[in-house]
Amino acid sequence: AGRPPGGFERMVAQLAVPLGVEVIWCRPEGNEKGNTANRDVAMVRQSDFLIAYFTTEEMDGGTGRLVEIAMSCGVPVEGWWIESDGSAQRIGEYNPFEDGP
């Protein structure tokens, strides 16, 4: 059920391999409204940290929502902006142990 991972998601998963980061694909159950939000919360709660990649300078959309969920659950976050030339620029981080809840 749910949309399969796209090319960008598959590329990020390949980059995680040499870093020793385990990637688990989490698709929402069915197409009913709210299933994606439920999947997002469950996915964040089972994570040790979140690395969020954005293709625009704004942290919006579904990825921005994942960052908000992670912060509210006390999960550390790193945010990266992927520039048009393919380079990555770190745009921020959240560490609940240093930054507080």
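Expected output is a single nm value to one decimal: the length gained when fully extending between residue 65 and residue 41, i.e. 0.36 nm times separation in residues minus the C-alpha distance. What is it? Mind showing how you got there, number by number?
Numbers: separation 24, 0.36 × 24 = 8.64 nm, distance 0.98 nm.
Going from the current span to full extension adds 7.7 nm.
Among 37, 13, 52, which one moves the most in a GNM of the chain with springs linking Cα atoms closer than 10 Å?
Answer for the Gaussian network model of the chain: 13.
Find, among the chymotrypsin sites (Phe, Trp or Tyr not before Pro) in the chain, those assigned to loop by DSSP (not H, G, I, E, B) with at most 14 other beta-carbon atoms within 10 angstrom.
Answer in residue order: 25, 49.
Once phi is turned into θ = phi - 60°, what whole-Hz ³J(HN,Hα) does the Karplus curve with 6.51, -1.76 and 1.60 give for every residue of segment 68-76, x standing for Gly and Pro?
Karplus-based 3J(HN,Hα) across segment 68-76 equals 4, 4, 4, 5, 6, 8, x, 9, x Hz.
Would you mind calculating the gained length between residue 23 and residue 97 on full extension (0.36 nm times residue separation, minus the Cα-Cα distance), in nm to one decimal?
This chain segment gains 24.3 nm when fully extended.
Find how much the distance from residue 85 to residue 73 grows on full extension, using 0.36 nm per residue of separation minus their present alpha carbon separation; answer in nm with one decimal.
1.0 nm
Under a plain spin-label model, where a point goes 7 Å from the Cα along Cα-to-Cβ, how far apart in nm are residue 31 and residue 12?
2.4
In a shell of Cβ-Cβ distance under 12 Å around residue 39, excluding residue 39 itself, what net charge do Lys and Arg (+1) and Asp and Glu (-1) give?
Computed value for this residue: +1.
Given H placed 1.01 Å from N in the peptide plane, which residues other than close sequence neighbours of residue 52 have an amide H under 5 Å from its amide H?
78, 79, 80
Could you report the accessible area of residue 48 in Å², rounded to 10, computed with a 1.4 Å probe on the protein chains as they sit in the structure?
Ignoring ligands and nucleic acids, residue 48 comes out at about 130 Å².
So how do 47, 84 rank on accessible area, 1.4 Å probe, biggest first, that is with the largest at the start?
Order by accessible area, largest first: 84, 47.
Mind running the shape call on segment 30-101? Use the C-alpha gyration tensor, a ≥ b ≥ c as the square roots of the eigenvalues: rounded below 1.5 for a/c, prolate if a/b tops b/c, oblate otherwise.
It is oblate, given that a/c is not under 1.5 and a/b is not larger than b/c.
Nearest 20 debye, what's the magnitude of the dipole of the chain about its Cα centre given +1 on Lys and Arg Cβ and -1 on Asp and Glu Cβ?
Details: 8 positive and 16 negative charges, 100 e Å.
Rounded to the nearest 20 debye, it is 480 debye.
In a shell of Cβ-Cβ distance under 13 Å around residue 73, excluding residue 73 itself, what net charge do Lys and Arg (+1) and Asp and Glu (-1) give?
-1
The values are calculated or read from the model by the stated rules, or taken from the named source; none is laboratory data. Being a predicted model, the structure only gives us computed values, none of them experimental. As a convention, Cβ positions derive from the backbone with ideal geometry for all residues, glycine included, and neighbour counts pool all protein chains shown. Side chains are part of the model used for accessible areas, which takes the heavy atoms of the whole protein and leaves out ligands, DNA and RNA. Shrake-Rupley method; radii C 1.70, N 1.55, O 1.52, S 1.80 Å.
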